[in-house]
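The values are calculated or read from the model by the stated rules, or taken from the named source; none is laboratory data. Not measured: the values here are computed from a predicted model. Cβ coordinates were reconstructed from backbone atoms using ideal geometry, including for glycine residues, and neighbour counts include every protein chain displayed. For accessibility, only protein heavy atoms count, side chains too; no ligands or nucleic acids. Shrake-Rupley method; radii C 1.70, N 1.55, O 1.52, S 1.80 Å.
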Amino acid sequence: MKRFCALVCLAAALFAACKDEQKGPDPAAVAAKAYYDSLAAGRYGGYLSGVAGADSLPASYREQLLANAKQFMAAVKEEHGGIQSVSIVRTDTGVVSHRRDVFLLVSFGDSVKEEVVVPMVESPAGWRMK
């Protein structure tokens with residue numbers, strides 16, 4: 001019985017060690033950061049391309065979304081001095097493997113920091129914001 005308990009404990013420890021091992025940054029988190037970096041840099045088309053389904057939007061609606069992104073960044077620049085940096089905090093994977101919640105830390109020019117949750121979905125074209 002002692003041997004069985006020791007084997008179970010050893011197997012559990014090995015499983016936990018393997019589960020915590022990271023192979024590199026999560027592709028969903030890297031994509032979410034890239035989209036927010038595009039927004040911060042004024043590349044609104046790059047940001048909008050990260051929205052799931054944006055490639056099939058009517059041109060007039062797409063133009064409205066681009067105008068909204070520009071207005072948002074103008075307000076952020078006025079109120080907080082713009083976005084200085086975006087960093088990945090963590091990624092939560094739910095039950096569904098093709099969906100992730102990415103937590104980003106957005107640092108503004110006035111030293112305010114805000115953590116945002118970006119729901120991501122995997123598509124044939126890669127990870128996109130939901």
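Regarding region 104-116, can at least one residue be identified that is touching a helix residue (DSSP H, G or I) at 6+ places or on another chain (Cβ under 6 Å) and among the aromatic types (F, W, Y)? The answer is yes; a qualifying residue exists. Among residues belonging to region 105-129 that are exposed (fewer than 15 other Cβ atoms within 10 Å of the Cβ) and β-branched (V, I, T), point out the one that is farthest from V30 (Cα to Cα). Checking each candidate, the answer is V112. Here K70 meets the list (1) modelled with pLDDT under 95; (2) more than 17 Å from the chain's Cα centre (by Cα); (3) open to solvent by 90 Å² or more (accessible area, probe 1.4 Å) almost entirely, failing just condition (1). Counting only strands (runs of 3 or more DSSP E) that sit completely within region 15-130, those holding 1 or more residues that are in contact with a Leu (Cβ under 8 Å, 6 or more places away or on another chain) correspond to 83-93, 113-123. Tallying residues that are closer than 23 Å to A41 by Cα and open to solvent by 50 Å² or more (accessible area, probe 1.4 Å) within region 88-104 yields 3. Only one entry in G42, G50, G81 is open to solvent by less than 70 Å² (accessible area, probe 1.4 Å), at positive phi and touching a strand residue (DSSP E or B) at 6+ places or on another chain (Cβ under 7 Å), namely G81.
Of everything listed in (1) farther than 24 Å from V86 by Cα; (2) at pLDDT 95 or above, the single unmet condition for F4 is (2).
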